[in-house]
Amino acid sequence: LKLLKRGLVYRREATVNWDPVDMTVLANEQVIDGRGWRSGAVVEKRKLTQWFLRITDYADDLIEGLKTLDRWPEKVRTMQENWIGRSQGLRLTWQFDAAPPQAKAAGVENGLEVYTTRPDTLYGASFLAIAPDHPLAEQLSSDPRVADFIKLCRAGGTSEAEIEGAEKLGLDTGLSVVHPFDPTWKLPVWIANFVLMDYGTGAIFGCPAHDQRDLDFARKYGLPVKPVVVPSDADPATFDVGAEAYVGPGKIFNSDFMDGMTVEQAKAAAVSRVESQDQGKGATVYRLRDWGVSRQRYWGCPIPIIHCEACGPVPVPDDQLPVVLPEDVSFDVPGNPLLRHPTWKNVKCPSCGGDAQRETDTLDTFVDSSWYFARFANPHASEPIDKAAADKWLGVEQYIGGVEHAVLHLLYARFITRALKDEGMLSVAEPFTGLFTQGMVTHETYKSVEGEWVEPDCIDFATESGVRIARVKTTGEQLVIGDIEKMSKSKKNVVAPEGIFETYGVDAARLFVMSDSPPERDVEWTNAGVEGAGRFVHRVWAEFDAQAEGPAPAFDDSDPAALDLRKATHKLIGPVTDSIERFRFNSGVAKLYEFLNVLKGHPAAGATPAVQAARAEALDVLARLINPFTPHLAEACWERLGKDGMVVDAEWPKADAALASDNEVTLPVQINGKRRAELVVAKGADSKAVEALALADASVSVHLAGLTVRKVIVVQDRIINIVAN
RNA sequence: GGGGACGUGGCGGAAUGGUAGACGCAGCGGCCUUAAAAGCCGCAGCCGCAAGGCGUGUGGGUUCGAGUCCCACCGUCCCUACCA
C-alpha cells in the first residue's frame, strides 16, 4: 500500500498468458513452447485487468546501479542490462496524407507515431508498419480483410521455433503518410506481423536497406529498397544491398542534408531537424516492461484492495492489515479458490460502507522474495522492517543463488529495495553487494522405449560387451540412457538425499558436492563420487581413532619424521583457508586429501614420542580444518581428542610461518624453455650463485654441449632458464 | 540475430606468465584372505625396449618462458530475441 501511495502500483488491462486447464495466468518463463509448464495445455493470450508494479520508473537507476556491483558476476550484470534494454532514438509522428475516419477513435488523428534508433536512415524509408494489435489496426478491422489478417497473425505461436521460422506477413491498409523531410513523398501504411505492440510505439518505419526484417518484408511485397548508408570502402554509385541489409557504420548518401555525414552525425542531425519541425523528440526507450504481479492463485500474499462499485479499488485500512487468507478452501477444481470461497471476498467498502468485494488475485511470489532479507535483519519486529537492524546488516555481503534468477528475483529485489529506500524504510539501494552464482546438481536421465522417464532408484546397471546397460529392476526392461541434466522432478533424475545420508552419511554427501567441481559449475551426481568422499571420512576417523589417548609428548623437531609431519601440517593451513575464502572448495578438499596421505605415512602404531606429538598437533589442526566441509565428523574427532566444547566454536588454526616455509627449494633448470635438470638450493639464494650452480650441473652441461650460452634467466626461488644456441 | 561462458588424460578437474595433468573417480598390479568384499601398498598423458620425442580445440603472435596474454578460426554450452 505504501508503494501504491507512491504511485508505483497501478491496474490496467493487459494481454497475459492464460492456462485454460489450470485456469491461471502464467509468467513468460512458465510457458514452454507455447504450453503451460504444468498442465501442458496450449496457452492462450487473454486480456485481463491486472496489477502492475512500475519497475520501469527505476530502469535508468537499475542500469546505473549495476556499475557499483563489482562483486557480481559480469554475466549477471550483462543479462540485467540487456533485459532492461535501454536504447536511444527518436519518437516521430508521420502525418497521414489523408487521415482515415477511424483515426480519431484510434487516437492517431495527428498521425502515426513510430520509434526508431536509426533516424539517420530516414531517407531510406519505404513503408510504415503497425502491429496487428495497434489501436489503428483494431479500428480498421471493420474491414473483413483486416479482421482476417489480424486473426491470422494472432494464430502464430510464441515458441522459439515458430518465431524463428515465422514468415513475414503484411497487409497494405491503403492508407499513406507523408515523409517528414519531403512533403511530396508518400509512404504506404502496412499492418505487419513482426511489429510488436508492446515495444516502442507499436509502429515502425521500414528501412529495408538497413534492417534485415524490413528487407525480407520489402522483398516479399515488392517495396522499394533504397540504400542511404555506404561502408567507407564501397562506392555509393554501385553499392547494392542484395539479400543482406547493411547495418554497419559508414557514410550517409541519398539523404539531402545528411549526405556525407557519419551515422552518428546523421542521427543527431535528423533528431534536431525533426524536433525543430515539432514532429517528434529524441527519446530513450526500454525493453523492460512493468511487472505484472497478479496471480489467480491461493498460495500468495493477498493484494490488500477492496473493490467497490461506487468507489472503485479502495486500499484496506491499516488497522485491518494484514489481510489473512481463509483456511477453509478447496482445491478439488482448477482455478482460484479465493474466487469461489463463499464468504471471504464479501466485505463492506472501507470508504462508503456499501457492499464490496476483496481482490481475489494474490501477489506473485517474487514480491515476497524482494524484501525478505530486510525482514530477516529482525524477524521479531512488530513493524515489517526494523530499519535500525536493516541498516546494520544490509546490503547482503555475500548472496548465493543460481544464475536462473539473474533477471527475475535479482532484478525485482533491486527494484523493491530502491522503492523502499525512497520510502525511507531502508538506507541501501542495492540489496546484495556480492553475488555468487552456484551451479546445479545434475544427473543422468533414463527413458523407457515408450519415452517415459524412469527414476535412477528403479534401475540396475550392468556392462554388456563394453556397453553400459540400464534395466528396470523389477521388469528387466532395457532403458535408454539419456543426457546429464539438471535434477528435476519432471525428468525423474532426482536422487533422494535420505538414502545417500543413510548409506554414506551427510558429511560424505556434502564433501562430495564440494570436492567434485568448483561451486559455480554444475556437479554431476555419481554414486562412485560419494563413495570416494565416504572413504575419506572413514580414513580420517581411523587416524583419530588410532591416536593414543592422554596428553601428547613434547615436540622434538630433531626427529626428521616428526618435523616432516609438522611442516606438512603448517603448510596445510594457508591453502585450505585460502580455498574457502576464494570459494575454491574443491581445491581445499584436494589439499585435505593430500595431507591425509602424509599423515598416514606417519602412523600412530609404533610412533616415536616425537611423531606422537606431531600427530597430536596434526589431528588438532585437521579437526578444525575439516569442520566446514564435514562438520559432524569434525565434532566426533574433536571429542575423540578429548577437547573441551565444540570444534565449531574453536579458533581457526594459524600456521607457524617458520614451519610452513622451507629453507630449501627445488628449482627446475630449463634450456631454451625445456626442463633439463633440477637444482636444490637454499631459499632466497643469490641469482649469480644459482646461475653458476646451474651451469656447472652435469646434466645441464650434457644438453649444452656444442651450444653457446646467450643468456641465463634466474627467477628467484622459481626457475632457471638458459638460452643457448 | 544479439549477448555471455567454456574447450587440459578414459572421466570430474589442478596449475599468482615459471617443472602441465595436483586431488579424486574409473583402471591395472601387488599384499592381506581358504575365497571375495573392504582395507593397505604401488603403477598410470601419448608414442617408444630405451635414449628421447610429442602433448592443454586449430593456426598465428608477444615473451628467455604461454594452458594462462593478444589476433583469427573451429567446436560446445548457457542466456536472450521479429526490441525497430
**Prompt:** Taking only pairs six or more apart or across chains, which ones have beta-carbon atoms under 6 Å, a first residue in the range A:313-328 that is within 15 Å of A:Pro350 (Cβ to Cβ), and a second residue that is open to solvent by 70 Å² or more (accessible area, probe 1.4 Å) and in a helix (DSSP H, G or I)?
**Reply:** none
**Request:** Determine the pairs where a residue that is more than 7 Å from RNA strand B (Cβ to nearest atom) and of a type in the set (Ser, Thr, Tyr), located within the range A:514-528, has a partner that is open to solvent by 30 Å² or more (accessible area, probe 1.4 Å) and not in a loop (DSSP other than H, G, I, E, B) with Cβ atoms under 6 Å apart, the partner being 6 or more residues away or on another chain.
**Result:** none
**Request:** Collect the residues in the range A:68-97 that are open to solvent by 20 Å² or more (accessible area, probe 1.4 Å), at pLDDT 90 or above and among the hydrophobic types (A, V, I, L, M, F, W, C), keeping them in residue-number order.
**Result:** A:Phe96
**Message:** Whether any residue in the range A:670-681 is away from RNA strand B (no atom under 16 Å from the Cβ), more than 30 Å from A:Tyr504 (Cα to Cα) and of a type in the set (Lys, Arg) is what I want to check.
**Reply:** no
**Fill in**
The correct count of residues that are open to solvent by 20 Å² or more (accessible area, probe 1.4 Å) and either touching a residue at least 60 places away in the same chain (Cβ under 8 Å) or more than 9 Å from RNA strand B (Cβ to nearest atom) (or both) in the range A:529-538 is 1
**Asked** Name the pairs: first residue in the range A:471-483 and under 15 Å from A:Thr445 (Cβ atoms) and among the small types (Gly, Ala, Ser), second residue loosely packed, with under 14 Cβ neighbours inside 10 Å and at pLDDT 80 or above, Cβ to Cβ under 8 Å, at least 6 apart or on different chains?
**Response** none
**Asked** Looking at A:Gly242, is it closer than 16 Å to A:Cys207 by Cα and surrounded by fewer than 17 Cβ atoms within 10 Å (Cβ to Cβ)?
**Response** yes
**Request:** For residues that are open to solvent by less than 40 Å² (accessible area, probe 1.4 Å), within 15 Å of A:Phe536 (Cβ to Cβ) and near RNA strand B (Cβ under 9 Å from one of its atoms), tally how many sit in the range A:575-591.
**Result:** 2
**Message:** Taking the criterion of being within 16 Å of RNA strand B (Cβ to nearest atom), under 21 Å from A:Val523 (Cβ atoms), of a type in the set (Ser, Thr, Tyr) and not in a helix (DSSP H, G or I), would at least one residue in the range A:612-632 satisfy it?
**Reply:** yes
**Request:** Look through the range A:215-235, keep the residues that are open to solvent by less than 10 Å² (accessible area, probe 1.4 Å) and assigned to a helix (DSSP H, G or I), and return whichever of them is nearest to RNA strand B (Cβ to nearest atom).
**Result:** A:Phe217
**Asked** Is it the case that A:Asp198 is within 16 Å of RNA strand B (Cβ to nearest atom), under 39 Å from the mean Cα position of the chain (by Cα), charged (D, E, K, R) and under 27 Å from A:Phe253 (Cα atoms)?
**Response** no
**Asked** Only one residue in A:Gly65, A:Gly107 is exposed (fewer than 15 other Cβ atoms within 10 Å of the Cβ) and more than 10 Å from RNA strand B (Cβ to nearest atom), so which one is that?
**Response** A:Gly107
**Item:** When residues of the range A:599-611 are limited to those that are open to solvent by 50 Å² or more (accessible area, probe 1.4 Å) and within 12 Å of RNA strand B (Cβ to nearest atom), the one nearest to A:Ser515 (Cα to Cα)
**Value:** A:Lys600
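Being more than 28 Å from the chain's Cα centre (by Cα) and closer than 30 Å to A:Ala388 by Cα is true for just one of A:Gly476, A:Gly424, A:Gly451, A:Gly434. Which residue is that?
A:Gly424
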**Item:** Qualifying positions in the range A:174-214 - in a strand (DSSP E or B) and either farther than 18 Å from A:Leu136 by Cβ or open to solvent by less than 10 Å² (accessible area, probe 1.4 Å) (or both)
**Value:** A:Val177, A:His179, A:Asp182, A:Pro183, A:Thr184, A:Trp185, A:Leu187, A:Val189, A:Ile191, A:Ala192, A:Ala203, A:Gly206
**Prompt:** Among the numbered criteria (1) assigned to a helix (DSSP H, G or I); (2) away from RNA strand B (no atom under 16 Å from the Cβ); (3) under 45 Å from the mean Cα position of the chain (by Cα); (4) not charged (D, E, K, R), which single criterion is violated by A:Gly645?
**Reply:** (1)
**Prompt:** Hey, among A:Ala356, A:Ala374, which residue is of a type in the set (A, V, I, L, M, F, W, C), assigned to a strand (DSSP E or B) and open to solvent by less than 40 Å² (accessible area, probe 1.4 Å)?
**Reply:** A:Ala356
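How many of the residues in the range A:636-682 are closer than 30 Å to A:Leu707 by Cβ and open to solvent by 30 Å² or more (accessible area, probe 1.4 Å)?
12
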**Item:** Matching residues in the range A:496-513 - criterion: being free of Cβ contacts under 8 Å to residues at least 40 places away in the same chain and either near RNA strand B (Cβ under 7 Å from one of its atoms) or not small (Gly, Ala, Ser) (or both)
**Value:** A:Pro497, A:Glu498, A:Ile500, A:Phe501, A:Glu502, A:Thr503, A:Tyr504, A:Phe512
**Request:** Kindly establish whether A:Asp259 is buried (at least 16 other Cβ atoms within 10 Å of the Cβ) and of a type in the set (Asp, Glu).
**Result:** no
**Item:** Contacts under 6 angstrom Cβ, first residue in the range A:195-220 being of a type in the set (D, E, K, R), partner part of a strand (DSSP E or B), 6 or more apart
**Value:** A:Asp214/A:Gly206
**Prompt:** Does any residue in the range A:39-56 that is within 23 Å of A:Ile303 (Cβ to Cβ) and of a type in the set (S, T, N, Q) come within less than 7 Å, Cβ to Cβ, of a residue that is in a strand (DSSP E or B) and open to solvent by less than 30 Å² (accessible area, probe 1.4 Å) six or more places away or on a different chain, and which pairs are these?
**Reply:** A:Gln50/A:Ala14; A:Gln50/A:Val16; A:Gln50/A:Gly292; A:Gln50/A:Ser294
**Message:** Can you confirm whether A:Glu543 is of a type in the set (D, E, K, R), in a helix (DSSP H, G or I), under 30 Å from A:Val403 (Cα atoms) and within 10 Å of RNA strand B (Cβ to nearest atom)?
**Reply:** no
**Fill in**
Of the conditions (1) out of contact with any Leu (no Cβ under 8 Å at 6 or more places or on another chain); (2) more than 25 Å from A:Arg154 (Cβ to Cβ); (3) within 13 Å of RNA strand B (Cβ to nearest atom), the single one that A:Glu244 does not satisfy is (1)
**Asked** Where residues in the range A:116-133 are farther than 21 Å from A:Lys226 by Cβ and of a type outside the set (A, V, I, L, M), which of them is surrounded by the most Cβ atoms within 10 Å (Cβ to Cβ)?
**Response** A:Pro132
**Prompt:** What are the residues in the range A:332-349 that are among the β-branched types (Val, Ile, Thr) and part of a loop (DSSP other than H, G, I, E, B), if any?
**Reply:** A:Val333, A:Thr343
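Conditions tested, residue by residue: (1) at pLDDT 95 or above; (2) crowded, with 18+ Cβ neighbours inside 10 Å.
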residue	(1), (2)
A:Pro304	yes, yes
A:His307	yes, no
A:Val316	yes, yes
A:Val329	no, no
A:Gly335	no, no
A:Cys349	yes, yes
A:Asp364	no, yes
A:Ser369	no, no
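The values are calculated or read from the model by the stated rules, or taken from the named source; none is laboratory data. Bear in mind the structure is a predicted one, so any value in this text is a computation, not a measurement. All Cβ positions, even for glycine, are placed from backbone atoms using ideal geometry, and neighbour counts span all protein chains on display. Areas reflect the complete protein model, heavy atoms only, side chains present, ligands, DNA and RNA absent. Shrake-Rupley method; radii C 1.70, N 1.55, O 1.52, S 1.80 Å.
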